[in-house]
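J.: Here you go, one structure.
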Amino acid sequence: MIRLKTCKTETSLRSARNLRVAPTLALLLAILLGAAATPATTLLRMSLETLSRAAAVIVRAQCLENSTGWEGGEIWTFTSFDVQEVWSGSAPNKITVRLLGGRVADVTSTVSGVPRFRPGEEVVLFLEPTPRGDFSIVSWQQGAFRIRRAPHLAEETATQDTAAFATFDPTTRQFQTAGIRNLPLGAFRAQVAAALRARATRNP
């Protein structure tokens, strides 16, 4: 998977006018800010079986809250979740997921292809542990599925974030939006279980 990050730094125009910088430095700053406006993330398409094989943990969870902070010279968003069901692997009742980007004070880092979550929403996440004791999401938006319930239906559905984000298909060598959309949650869980059984068969 190729993941290229784009970052955007917000600066007050009034403050910028007050800065006394050399013309060359000002030109360089303008070029960098202009380049940051272009998304540059490419996600290589992964099948549900490939996602399941790559994930150490698969959970259904509810978002609790978000926080941001600097670490290792990068801005990170830390999202805490209440784990409702563990579909694969092992996870505590509450987990933290770290993802690149976010806002700290007057600095914003925007990374295309990285999901963001709102408190209260329910999701299915394909996760991998990090050396820091928290988790990251396998292939970012590909490993995030939103759970929704239509007002006129009792059944919940799952929609993959990449249903609205183009991924690269190495077979056709084209970008397409082809994620799972509005699949009944029971059917989705059955597909994940089948993918996990296939993984176990390949790795006895």
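The values are calculated or read from the model by the stated rules, or taken from the named source; none is laboratory data. Everything quoted here is computed from the prediction, not taken from an experiment. FYI the Cβ positions are ideal-geometry reconstructions off the backbone, even for glycines, and counts take in every protein chain you see.
J.: Considering only the stretch 125-138, I want to know if a residue exists there that is more than 30 Å from residue 72 (Cα to Cα) and either of a type in the set (Phe, Trp, Tyr) or modelled with pLDDT of 90 or more (or both).
T.: We begin by selecting, within the stretch 125-138, every residue more than 30 Å from residue 72 (Cα to Cα); these are none.
No - not one qualifying residue is present in the stretch 125-138.
J.: What are the pairs with Cβ atoms under 9 angstrom where one residue, in the stretch 170-193, is of a type outside the set (Gly, Ala, Ser) and the other, located anywhere, is modelled with pLDDT of 85 or more and in a loop (DSSP other than H, G, I, E, B)? Sequence gap at least six, or different chains.
T.: Listed pairs, sorted by first residue: 184/155; 185/155; 188/180; 191/180.
J.: Right, next: Just to be sure, is residue 84 on the phi < 0 side of the Ramachandran plot and either in contact with a Phe, Trp or Tyr (Cβ under 9 Å, 6 or more places away or on another chain) or among the charged types (D, E, K, R) (or both)? Step through it out loud before you land on a result.
T.: Numbers: on the phi < 0 side of the Ramachandran plot: yes; either in contact with a Phe, Trp or Tyr (Cβ under 9 Å, 6 or more places away or on another chain) or among the charged types (D, E, K, R) (or both): no.
It is false that residue 84 is on the phi < 0 side of the Ramachandran plot and either in contact with a Phe, Trp or Tyr (Cβ under 9 Å, 6 or more places away or on another chain) or among the charged types (D, E, K, R) (or both).
J.: Does residue 123 satisfy the criteria of being within 19 Å of residue 164 (Cβ to Cβ) and among the β-branched types (Val, Ile, Thr)? Break it down into steps so the answer makes sense when it comes.
T.: On the way: within 19 Å of residue 164 (Cβ to Cβ): yes; among the β-branched types (Val, Ile, Thr): yes.
Yes, satisfied.
J.: Does residue 93 fit the bill of being at pLDDT 95 or above and under 28 Å from residue 45 (Cβ atoms)? Walk me through it before giving the result.
T.: On the way: at pLDDT 95 or above: yes; under 28 Å from residue 45 (Cβ atoms): no.
For residue 93, the condition - at pLDDT 95 or above and under 28 Å from residue 45 (Cβ atoms) - is not met.
J.: Going through the stretch 114-135 one residue at a time, which ones are over 8 Å from the mean Cα position of the chain (by Cα) and over 17 Å from residue 65 (Cβ atoms)?
T.: So in the stretch 114-135, the residues over 8 Å from the mean Cα position of the chain (by Cα) come out as 117-135.
Within the stretch 114-135, 124, 126, 127, 128, 129, 130, 131, 132, 133 qualify.
J.: Can I ask one more? Among the residues of the stretch 69-79, write down those that are surrounded by fewer than 18 Cβ atoms within 10 Å (Cβ to Cβ) and within 15 Å of the chain's Cα centre (by Cα).
T.: So in the stretch 69-79, the residues surrounded by fewer than 18 Cβ atoms within 10 Å (Cβ to Cβ) come out as 69-74, 78.
Matches in the stretch 69-79: 78 only.
J.: Pick from 26, 35, 55, 22: which is modelled with pLDDT of 95 or more and out of contact with any helix residue (DSSP H, G or I) (no Cβ under 6 Å at 6 or more places or on another chain)? Working first, answer last.
T.: On the way: 26 fails: modelled with pLDDT of 95 or more; 35 fails: modelled with pLDDT of 95 or more; 22 fails: modelled with pLDDT of 95 or more.
55 is the lone residue from the list that is modelled with pLDDT of 95 or more and out of contact with any helix residue (DSSP H, G or I) (no Cβ under 6 Å at 6 or more places or on another chain).
J.: Only one of 119, 92, 129 is surrounded by 13 or more Cβ atoms within 10 Å (Cβ to Cβ) and either out of contact with any strand residue (DSSP E or B) (no Cβ under 7 Å at 6 or more places or on another chain) or not polar (S, T, N, Q) (or both). Can you tell me which?
T.: Working: 119 fails: surrounded by 13 or more Cβ atoms within 10 Å (Cβ to Cβ); 92 fails: surrounded by 13 or more Cβ atoms within 10 Å (Cβ to Cβ).
The conditions single out 129.
J.: Identify, please: which residue in the stretch 132-141 is closer than 21 Å to residue 179 by Cβ and not hydrophobic (A, V, I, L, M, F, W, C) and is, among those, surrounded by the fewest Cβ atoms within 10 Å (Cβ to Cβ)?
T.: In this case the residue turns out to be 136.
J.: Conditions first: (1) at pLDDT 95 or above; (2) buried (at least 20 other Cβ atoms within 10 Å of the Cβ); (3) touching a helix residue (DSSP H, G or I) at 6+ places or on another chain (Cβ under 8 Å). Residue 147 passes all but one, so which condition is the exception?
T.: (2)
J.: Do we have residue 164 as modelled with pLDDT under 95 and among the aliphatic types (A, V, I, L, M) here? Give the steps one after another, and end with the answer.
T.: Details: modelled with pLDDT under 95: yes; among the aliphatic types (A, V, I, L, M): yes.
Taking the combined requirement at face value, the residue satisfies it.
J.: Find the residue count for the stretch 97-113, including only residues that are without any contact (Cβ under 8 Å) to a residue 40 or more places away in the chain, buried (at least 16 other Cβ atoms within 10 Å of the Cβ) and of a type outside the set (Gly, Ala, Ser).
T.: Final tally of qualifying residues: 1.
J.: Would you mind listing the strands (runs of 3 or more DSSP E) fully within the stretch 40-113 where at least 3 residues are out of contact with any Leu (no Cβ under 7 Å at 6 or more places or on another chain) and polar (S, T, N, Q)? Steps first, answer last, please.
T.: Details: elements: 57-71, 74-88, 94-100, 102-104, 107-109.
Here the list reads 57-71.
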